[in-house]
Amino acid sequence: MTQHVVFDVDLHRLKITDTFLGQYQRLVRDVVIPYQWDALNDRIPDTEPSHAIENFRIAAGQQTGEFYGMVFQDSDVAKWLEAVAWSLCQKLDAELEHIADGVIELVAAAQCEDGYLNTWFTVKAPEQRWSNLAECHELYCAGHMIEAGVAFFQATGKRRLLDVVCRLADHIDHVFGPGENQLQGYPGHPEIELALMRLFDVTQEPRYRELTHFFVTQRGQSPHYYDEEYEKRGKTSYWNTYGPAWMVKDKAYSQAHLPLVEQNQATGHAVRFVYLMTGVAHLARLSEDETLRQSCLRLWQDMAQRQMYITGGIGSQSSGEAFSSDYDLPNDTVYAESCASIGLMMFARRMLEMEADSQYGDAMERALYNTVLGGMALDGKHFFYVNPLEVQPKAVPFNHVYDHIKPVRQRWFGCACCPPNIARLLTSLGHYIYTPRSDALYVNLYVGNEAELVAGTAGLRLRMSGNYPWDEQVTLSVLSPEPVTHTLALRLPDWCPSPSVTLNGQPVQGDVVRGYLHLQRTWREGDTLCLTLPMPVRRVYGNPLVRHQAGKVALQRGPVVYCLEEADNGAQLHNLWLPENAVPRLLDGTASLAHKVLLQAEGLRYQANQPEKQALWRYDAHPATPVPQTLTFIPWFAWANRGEGEMRVWVNEAPGPA
């Protein structure tokens, strides 16, 4: 594969000024991070306690008590620290940095002399370290803490947490590997792979990349390590609630059923899959490993073409938070965990670094503007773990197939992986907007910002502005005082039928290569590119193999997917029909939906008089009569901010006029 140098984006030199996503970054900084700090310290009333900070204090010997929470509770603290780190790049906050420094000292105090760091095992079962990789998340927690250490060093220049995680990584490197006295296992929940590659980027320590390679290539080999460790610990299982050793037996659940190079289908736990593939794509690029690269391409295509929702959600079943079979995409029982879409964005980012193809940017944008934003309420204090495309609240308490569905966002979770993950994604958003490569500076997301970026051997200062995703024009202005010769590559979104570009007011042509418009020239201060991305309301239809979308249509404008909600349209949304020739019109949102574009169209409601008194079935005559009704569609990410009610993305389509 052609190897291009990829340069990191320094978030100190990138400030998001975007009207829309900028408010989300401020929300995370001003509300979400303090709120989650309270949650980690058990100060949110009427919610399940976290105990995460207390666990570290107990492990550090600073107080007595019992461990409480999930076996992976440490990861919530690590993700919160990473969110803080990236937030400090946007705005200095001495008090917040002081709090984070204190947490880092607490983490350091909880670290064992040999570098091991995990409060569950330190407090509850130190003799069982590394004895249950399939189930117990030690390497997963280590990975998140390594990511936090890298982020805090890059954001503040402070090495304290970086030194802690380097000691942890060195310990893991000592314990695991192909050597005679090493464990030849790999994590049940991938995360360490992508974290070690980030640590390698910062330290350039080759052992970390080699350890990643070991974990990736050892996965799925026979005899299976999970079977071997299961036998060694006397056939005991941590997650007995789900049946004895089900995680050990169902190896596809953790992508360990086959060596990665033999896998052809995205399978198992969706978050584990995208975390694993994020690390593999990073490793494949830096190692110039064509076999691993082909694995990334093959598995991406299966996921994106057969197992991804219109909202950028992945993982269609609640059992195992997992992928199902190809084209099995139910709307009301879907899982689509918020973390899975975040992992999808991470995977897409690494694929873009490996090969610039707009399909990855398209998926990244789809996940961001729909599932990732939808995972958090507009107040920053309520969250979705699961992201359905259709909800009937009256059925949720009674039908156990919906046990995982919440019709409104929750204040916190006992398993709280999603809230801090959303926070760290939104604070690190600058890493996704651009991909600076030696061949071109690729513009992936049209998020307003001012940035100084690597462009070949020089630095290029840019300002991006507009009112995306609501308005169709995006402006890129060159701010560099010295001329810079380089290629700018602009992503042409898959939803846009007829994009156009002007340079200094004049139409400009360039080569479109794999969905990016390449413009090569000497850029000078004052040069202004105006990218027009017409945003007609698009009707979206499912592949005929997706039975759940047959006879239905969804609306999308720009990257934003729309839905019907009971608050605007009344109950029984299943009786609403959108005629195939109805032309949606734009509507400005008000109140909680202010500054968002809504859609309205003339449709139909099939209405019956006192249907509760009718027979359950009727022969030869339709039991309801169509009556005209104006249908109002809101951005799907904003649903459930106005109380509990029905919602659906895919709507019945009626032939002919309303």
### Query
Quick one: putting +1 on the C-beta of Lys and Arg, -1 on the C-beta of Asp and Glu, what dipole do you get for the range 547-658 around its Cα centre, in Debye to the nearest 20?
160 debye
### Message
Can you list the DSSP H helices in the chain whose Cα atoms extend at least 20 Å along the helix axis and whose mean Kyte-Doolittle hydropathy is -1.0 or higher?
### Response
74-90, 94-110, 138-156, 160-175, 270-287, 290-306, 338-354
### Query
For the chain, what does the alpha-carbon gyration tensor say about shape, rounded, prolate or oblate, given a ≥ b ≥ c as the root eigenvalues, a/c under 1.5 as rounded, and a/b over b/c as prolate?
oblate
#### Entry: Ascending count of other beta-carbon atoms within 10 Å, so fewest first, for LYS381, LYS158
LYS158, LYS381
### Query
Which residues in the range 51-66 place their backbone N less than 16 Å from a point set 7 Å from the Cα of ARG411 along the Cα-to-Cβ direction?
51
### Message
Just to confirm my numbers, what's the Cα centroid distance between the range 496-554 and the range 556-607 in Å?
### Response
25 Å
### Task
Compute the FRET efficiency between HIS98 and GLN204 as 1/(1 + (r/R0)^6), taking r as their Cβ-Cβ distance and R0 = 25 Å, and round to the nearest 0.05.
0.25
#### Entry: Estimated translational D of the range 413-482 in µm²/s (Stokes, Kirkwood radius over Cα pairs; 20 °C; 1.002 mPa s)
153 µm²/s
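If we count other beta carbons within 10 Å of each Cβ, what is the order of GLU288, GLU566, GLU205, fewest first?
By the 10 Å Cβ count, ascending: GLU288, GLU205, GLU566.
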## Note on the structure
Given Cβ charges of +1 for Lys and Arg and -1 for Asp and Glu, the option among VAL649, TYR619, ASN569 whose Cα lies farthest towards the positive end of the dipole of the range 538-654 is VAL649
### Query
Taking the alpha-carbon centroid of each part, what is the distance from the range 293-326 to the range 408-433 in angstrom?
21 Å
#### Entry: Convex hull projection area averaged over all views, the range 501-658, Cα basis, nm²
14.5 nm²
### Table column - 3J(HN,Hα) (Hz), the range 543-556, Karplus curve with 6.51, -1.76, 1.60, x for Gly and Pro
4, x, 7, 8, 5, 6, 10, 4, x, 10, 9, 10, 10, 9
#### Entry: Pairwise centroid distance, computed over Cα atoms, of the range 1-43 with the range 625-648, Å
31 Å
### Summary
Per its Cα gyration tensor (rounded if a/c is under 1.5, else prolate when a/b beats b/c, else oblate), the range 308-390 is best filed as oblate
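What is the magnitude of the charge dipole of the chain about its Cα centre, with +1 placed on the Cβ of each Lys and Arg, -1 on the Cβ of each Asp and Glu, and no other charges, expressed in debye to the nearest 20?
For the chain, the charge dipole is close to 1120 debye.
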### Query
Which FRET efficiency value, to the nearest 0.05, do you get for ASP328 and ASP588 by plugging their Cβ-Cβ distance into 1/(1 + (r/R0)^6) with R0 = 35 Å?
0.40
### the range 640-649 - phi-based ³J(HN,Hα) in whole Hz, Karplus 6.51/-1.76/1.60, Gly and Pro as x
6, 9, 10, x, 7, x, 5, 8, 7, 8
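If neighbour count is taken as other Cβ atoms inside 10 Å, put PHE152, PHE637, PHE7, PHE398 in order from fewest to most.
Neighbour counts put them in this order, fewest first: PHE398, PHE7, PHE637, PHE152.
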### Query
Hey, what number do you get for the chain at 222 nm if only DSSP H runs of n ≥ 4 count, each worth -39500 (n - 2.57), divided across all residues, to the nearest 500?
-10000 deg cm²/dmol
#### Entry: Prolate/oblate/rounded call for the range 532-571, Cα gyration tensor, a/c under 1.5 rounded
oblate
### Pairs beyond 26 Å (Cα-Cα), from LYS406/LYS552; LYS124/LYS158; LYS381/LYS552; LYS15/LYS596; LYS406/LYS613; LYS79/LYS406
LYS124/LYS158; LYS381/LYS552; LYS406/LYS613
### Task
Could you list the trypsin sites (Lys or Arg not before Pro) in the range 390-439 that lie in coil according to DSSP, counting only those with at most 13 other Cβ atoms within 10 Å of their Cβ?
LYS394
### In nm, spacing of pseudo-spin labels at ASN467 and GLU113 (7 Å Cα→C-beta vector)
6.5 nm
### Task
Restrict the search to the range 558-635; then list the trypsin sites (Lys or Arg not before Pro) that DSSP places in a loop and that have at most 11 other Cβ atoms within 10 Å of their Cβ.
ARG618
### Query
Which of PHE215, CYS418, PRO481 sits farthest toward the positive end of the charge dipole of the chain, with +1 on the Cβ of Lys and Arg and -1 on the Cβ of Asp and Glu?
PRO481
### Query
Looking only at the range 421-456, which residues have a backbone nitrogen under 16 Å from a spot 7 Å from the Cα of ASP379 in the C-beta direction?
none
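Coordinate-derived values only; no laboratory data. Just so it is clear, the model here is predicted, and its values are computed rather than measured. Glycine gets a Cβ as well: all are built from the backbone with ideal geometry, and neighbour counts include every protein chain shown.
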